[in-house]
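Participant: Just dropping this structure here.
Read-outs throughout are calculated quantities, based only on the coordinates presented, and are distinct from any laboratory measurement. Every value quoted in this text rests on a predicted model; they were computed, and no experiment measured them. Virtual Cβ from ideal backbone geometry, glycine too; neighbours counted across all protein chains shown.
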Amino acid sequence: MFEGKRVCVVIPAYNEADAIGETVKDFLIPVVDELIVIDNNSTDDTARIARKAGAKVVHEPIQGYGAAIRRGLREALERRNHFIVITEADASFRGEDVEKLLENCRGRHFVVGTRTATPYLGEGANMGLFLVVGNMAVAKLLGLIHGYPPLTDVGCTLRVIRRPMLKAVLPELEADGAALSPEMIVRVLRHGGRMKEIPVHYLARVGTAKITTSRRKAFINGLKMIQVILGTPGKILISPFLRLFK
């Protein structure tokens, strides 16, 4: 618990057997009351290893990062958790940052990590110049439109949200893939949420990347993020370009 309130960590996972055990153990720190792994149709030993490491495992049959995250957030709310932390299954983030996220949540509804303005970037981390510039550019666009200018990273998935704000924004989350990360930020800001961005550790992932596997895929993800940030105009302007990449 943190200041008398339950803390839950949610981890979406698809074929992450190489890293999930290490990740679960790293994030099961004393302040965490429970850890939920959302097994998104893994064909390897992800679910078994996660259970053995101490996680509650829930199966989500609808394939995709967005579906897995939404399922995990619903599970966390149903189990009466107040602080809900989201992280990755690939050991790229560190459990030691959870308490820092929680401490910065005092007086705020939502705290997100940044990998572009962090002194904690590990050797081999998937944050080259192309991704840094892209994330910062899209972050500045989001901040300009929605009123949070200090934002430097829209793609960092390590974050914590308070229960009341999650209950407000969860029904509005629709994005699949990496676009869910900026969509959460947009929804929180639209609800008048107080948020903060803080530097977090970011390390080389264990196993095979699922989202930023190439510059082409990263570019497509960037377009989808911009579409979410712009809302209805974004759907009109960007949808034709996304169809070209199918």
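Participant: Once phi is turned into ³J(HN,Hα) by the Karplus curve 6.51 cos²θ - 1.76 cosθ + 1.60 with θ = phi - 60°, what whole-Hz value does each residue of segment 89-104 show in order, with x for glycine and proline?
Facilitator: 8, 9, 6, 7, 10, 10, x, 5, 7, 4, 5, 5, 4, 5, 4, 7
Participant: Right, something else. Taking 7 Å along the Cα-to-C-beta vector as the label spot, tell me the K5-R80 distance in nanometres, rounded to one decimal.
Facilitator: 1.6
Participant: I'm spelling it out carefully: the read-out is Cα extents along the principal axes in Å, the candidates are (i) 55, 38, 34; (ii) 46, 40, 35; (iii) 48, 46, 34, and one was derived from this structure. Which label?
Facilitator: Among (i) 55, 38, 34; (ii) 46, 40, 35; (iii) 48, 46, 34, the one derived from this structure is (ii).
Participant: Can you give the FRET efficiency for E174 and E123, using 1/(1 + (r/R0)^6), R0 = 45 Å, r = Cβ-Cβ distance, to the nearest 0.05?
Facilitator: On the way: r = 36 Å, r/R0 = 0.81.
E(calc), rounded to 0.05, equals 0.80.
Participant: Let me ask something else. Please give the peptides 27-37, 123-133, 96-106, 180-190 ranked by average Cβ packing (other Cβ atoms within 10 Å per residue), highest first, as a rough proxy for protection.
Facilitator: Values: 27-37: 19.2, 123-133: 13.6, 96-106: 17.5, 180-190: 23.4.
Those peptides, ordered most packed to least, come out 180-190, 27-37, 96-106, 123-133.
Participant: Another question, if that's okay. List the residues whose amide H sits under 5 Å from the amide H of D45, counting only those 5 or more places along or on another chain, with H placed 1.01 Å from N in the peptide plane.
Facilitator: Distant-sequence amide H within range of D45: A17.
Participant: Please work out the FRET efficiency for the pair R216 and D45, using the Cβ-Cβ distance as r and a Förster radius of 30 Å; give the result to the nearest 0.05. All intermediate terms of the calculation are to be shown ahead of the outcome.
Facilitator: On the way: r = 31 Å, r/R0 = 1.03.
That gives a FRET efficiency of 0.45.
Participant: Another question, if that's okay. Can you figure out the FRET efficiency of H191 with I62, using R₀ = 30 Å and their beta-carbon distance, to the nearest 0.05? Show your work: numbers first, answer last.
Facilitator: Values: r = 25 Å, r/R0 = 0.85.
The computed FRET efficiency comes out at 0.75.
Participant: Distance between the C-alpha centers of segment 12-50 and segment 147-196? Whole Å please.
Facilitator: Using only Cα atoms, the two centres lie 23 Å from each other.
Participant: Okay, moving on. For the chain, what does -39500 (n - 2.57) per DSSP helix run (n ≥ 4), summed and divided by total residues, give at 222 nm, in deg cm²/dmol to the nearest 500?
Facilitator: Numbers: 9 runs with 102 residues, N = 246.
The per-residue figure over the chain is -12500 deg cm²/dmol.
Participant: Also, quick follow-up: Packing-wise, with mean Cβ within 10 Å as the measure, how do 52-60, 66-74, 141-149 rank, highest first?
Facilitator: On the way: 52-60: 17.4, 66-74: 21.8, 141-149: 15.8.
Put in order of decreasing packing, that is 66-74, 52-60, 141-149.
Participant: Quick one: what are the phi-derived ³J(HN,Hα) couplings along segment 155-165, Karplus 6.51/-1.76/1.60 with θ = phi - 60°, whole Hz, x for glycine and proline?
Facilitator: In residue order, the calculated couplings are x, 6, 9, 7, 6, 9, 10, 7, 3, x, 5 Hz.
Participant: Separate question: Using modelled amide H (1.01 Å from N, peptide plane; none on Pro or chain starts), what sits under 5 Å from the amide H of N126, excluding residues fewer than 5 places away?
Facilitator: R205
Participant: With θ set to phi - 60° and the Karplus curve 6.51 cos²θ - 1.76 cosθ + 1.60, what are the ³J(HN,Hα) couplings of segment 218-228 in order, to the nearest whole Hz, using x for Gly and Pro?
Facilitator: Result, rounded to whole Hz: 5, 5, 4, 4, x, 4, 5, 5, 5, 4, 5.
Participant: Under 5 Å between amide H atoms, partner at least 5 residues away or on a different chain: which partners does A117 have, H built in plane at 1.01 Å?
Facilitator: none
Participant: Treat each spin label as a single point 7 Å out from the Cα along the C-beta direction, and report the V133 to K25 distance in nm.
Facilitator: Output for this residue pair reads 4.1 nm.
Participant: Report for the chain the percent antiparallel among DSSP-assigned beta bridges with both residues inside it, nearest 5. Could you put the intermediate results ahead of the total?
Facilitator: On the way: 8 of 28 bridges.
Percent antiparallel among DSSP bridges in the chain is about 30.
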